[in-house]
1. Tell me whether the stretch 96-111 contains one or more residues that are open to solvent by less than 30 Å² (accessible area, probe 1.4 Å) and either at pLDDT 60 or above or touching a strand residue (DSSP E or B) at 6+ places or on another chain (Cβ under 6 Å) (or both).
2. Consider the stretch 135-147. How many of its residues are open to solvent by 40 Å² or more (accessible area, probe 1.4 Å) and farther than 18 Å from Glu77 by Cβ?
3. Restricting the search to the stretch 138-154, which residues are more than 15 Å from the chain's Cα centre (by Cα) and in contact (Cβ under 8 Å) with a residue 40 or more places away in the chain?
Amino acid sequence: MLERSMKGFDDKYAYFAWSLPANYVLVGPSGILVFAVRSDKGRVTVQGDRWREPFSLGRFFTVFAREGVGNPAFELEEQIRKLRGLLNRADAATPDAAKTNGGKTDSDARSGPFAAVPIEPVAVFLNPDMQITLDNPVVSVLRADQVKDFVRRKTRETKLNNATVRAVTDYLVQ
């Protein structure tokens with residue numbers, strides 16, 4: 001369903017689903033967007049990094065049949081950490097990366113060609129019936145029909161050069 005939101009983007013973008021340490025990833029001129037996707041219906045309240053679903057009888061009876069919102073902010077933080085580690089391994093493998101990092105090649109290194117590539121977390125709700133109340137969320141929270149406009153807005157705000165986008169995409173494809 002998220003794939004439908006990605007239609008219409010040109011070849012400057014690459015979409016990865018379930019093939020990287022992060023489940024849903026979009027690489028493009030604005031950097032890397034990592035998505036946490038939820039398909040539940042009902043209500044959710046987001047306050048900072050806290051995600052709550054108010055009690056309802058319907059939720060009670062479907063507790064084992066539904067996905068649940070969980071905490072997308074925490075999930076995304078973990079996925080981004082793993083993805084950044086993967087990108088840092090690519091940096092460590094290049095000879096110039098070891099020089100600019102004082103000889104260090106561990107996954108915590110923040111140098112090399114991919115270190116400056118921004119990675120942004122985004123929570124996406126696929127069900128249009130989901131009622132979302134936001135109070136200063138720490139991650140962007142969108143409905144599926146808002147994804148395309150969000151990506152285009154991010155591309156206007158941040159522009160990576162085409163060579164960097166291609167290098168990141170090529171590395172992630174491997």
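1. Checked the stretch 96-111: no residue is open to solvent by less than 30 Å² (accessible area, probe 1.4 Å) and either at pLDDT 60 or above or touching a strand residue (DSSP E or B) at 6+ places or on another chain (Cβ under 6 Å) (or both).
2. 4
3. Within the stretch 138-154, just Asp145 meets the criteria.
The values are calculated or read from the model by the stated rules, or taken from the named source; none is laboratory data. All figures in this text were calculated on a predicted structure; none of them were measured in a lab. Because the Cβ atoms are built from the backbone with ideal geometry, glycine has one as well, and the counts that use them run over all protein chains shown. For the accessible areas, the whole protein counts, side chains as well, though only heavy atoms, and no ligand, DNA or RNA atoms are used. Shrake-Rupley method; radii C 1.70, N 1.55, O 1.52, S 1.80 Å.
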